[in-house]
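Take a look at the structure set out below.
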Amino acid sequence: MNPTTIEAAPVTLTFQNDGGEPASAFITKFLPGKGPDDLAQVKSEEDFFQLIIPAGSTPEAAPGESSRLTIQLPEGGYAVIGQSGEQPATFEVTATSRKIAAPDADLQVDAGDFFFKTSKSEVAAGPLTIELRNVGQQAHEMVLSKKGGKEEEGFFSFAPAPGGTVWVEAELTPGTYEMVCFFPDPESGQHHIDLGMRTELTVA
């Protein structure tokens, strides 16, 4: 990770894949009181989610190529985790010292506990920039599934850490899509979709 400190403002991250297989980078935020030294104690997925909260993921890049993600992360400590057991890269997000304009978006989506709120219920088919904000206190994801469509017609993105924003690029074909989050609620054990975190989006 270079640099190892960024500000809590919109920034474009570039992920370079120097491996031999398609890959992406998983961005995580350390929970309060946790940090890089705790990563060595992780022995299971349950241990992992007692340490971090998902904060985003770069688009997949082919070997030798790169992908980009524009994101605004809240202050705190972070780790970038690969898919093949590589040593995580850590970085810090500090308070912003200047005003940086946010990218334009075709659709704004707020992910909260436990709901989605969209700026419009219908969008045009084709390329679409989605501004996804985490306005809750938990980790969230946005899963778009086309009713009666094929799996490849859907779209997925992690929401950023609570208080953050990510701008993601989708390309959707006409139809009705269900927007859901399948993450579990730590208190009840129920999935967010079962707690009401679902809505519909029309693509015309």
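The values are calculated or read from the model by the stated rules, or taken from the named source; none is laboratory data. No experiment lies behind these values; they were computed from the predicted model shown. Don't worry about glycine lacking a Cβ; one is built from the backbone with ideal geometry, like all the others, and counts go over all protein chains shown. All accessible areas refer to the heavy atoms of the entire protein, side chains included, with ligands and DNA or RNA removed. Shrake-Rupley method; radii C 1.70, N 1.55, O 1.52, S 1.80 Å.
Structure above, values below:
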{"read-out": "Inter-residue pairs, beta-carbon under 6 Å, first basic (Lys, Arg) and in the range 92-117, second open to solvent by less than 50 Å² (accessible area, probe 1.4 Å), 6+ apart", "value": "Lys117/Asp110"}
{"read-out": "Residues of the range 1-29 satisfying the condition of being touching a Phe, Trp or Tyr at 6+ places or on another chain (Cβ under 7 Å) and not β-branched (Val, Ile, Thr)", "value": "Met1, Ser24, Ala25, Lys29"}
{"read-out": "Members of the range 106-143 found to be of a type in the set (Asp, Glu) and under 21 Å from Ala8 (Cβ atoms), listed by number", "value": "Asp110, Glu131"}
{"read-out": "Hits in the range 58-76 (condition: assigned to a strand (DSSP E or B), within 15 Å of Leu13 (Cβ to Cβ) and touching a Phe, Trp or Tyr at 6+ places or on another chain (Cβ under 8 Å))", "value": "Ala61, Ser66, Ser67, Arg68, Leu69, Thr70, Ile71"}
{"read-out": "Matching entry among Glu151, Glu187, Glu169 (being open to solvent by 50 Å² or more (accessible area, probe 1.4 Å) and under 19 Å from the mean Cα position of the chain (by Cα))", "value": "Glu169"}
{"read-out": "Tally, over the range 59-75, of residues that are under 14 Å from Asp18 (Cβ atoms) and among the polar types (S, T, N, Q)", "value": "2"}
{"read-out": "Residue satisfying condition, being open to solvent by less than 20 Å² (accessible area, probe 1.4 Å) and touching a residue at least 12 places away in the same chain (Cβ under 8 Å), within set Val203, Val143, Val135", "value": "Val203"}
{"read-out": "Tally of residues being surrounded by 10 or more Cβ atoms within 10 Å (Cβ to Cβ) and either assigned to a loop (DSSP other than H, G, I, E, B) or of a type in the set (Phe, Trp, Tyr) (or both) across the range 26-48", "value": "7"}
{"read-out": "Residue in the range 77-98 that is of a type outside the set (A, V, I, L, M, F, W, C), within 22 Å of Pro184 (Cα to Cα), assigned to a strand (DSSP E or B) and more than 13 Å from the chain's Cα centre (by Cα) present", "value": "yes"}
{"read-out": "Candidate set: the range 59-90, residues that are under 19 Å from Asn134 (Cβ atoms) and among the hydrophobic types (A, V, I, L, M, F, W, C); chosen: the one surrounded by the fewest Cβ atoms within 10 Å (Cβ to Cβ)", "value": "Ile81"}
{"read-out": "Candidates Glu86, Glu60, filtered to the one that is among the acidic types (Asp, Glu) and touching a residue at least 24 places away in the same chain (Cβ under 8 Å)", "value": "Glu60"}
{"read-out": "Meets criteria (in contact with a helix residue (DSSP H, G or I) (Cβ under 7 Å, 6 or more places away or on another chain), at pLDDT 95 or above and surrounded by fewer than 19 Cβ atoms within 10 Å (Cβ to Cβ)) for Phe115", "value": "no"}
{"read-out": "Selection count, the range 1-25, where residues are open to solvent by less than 50 Å² (accessible area, probe 1.4 Å), modelled with pLDDT of 90 or more and not in a strand (DSSP E or B)", "value": "6"}
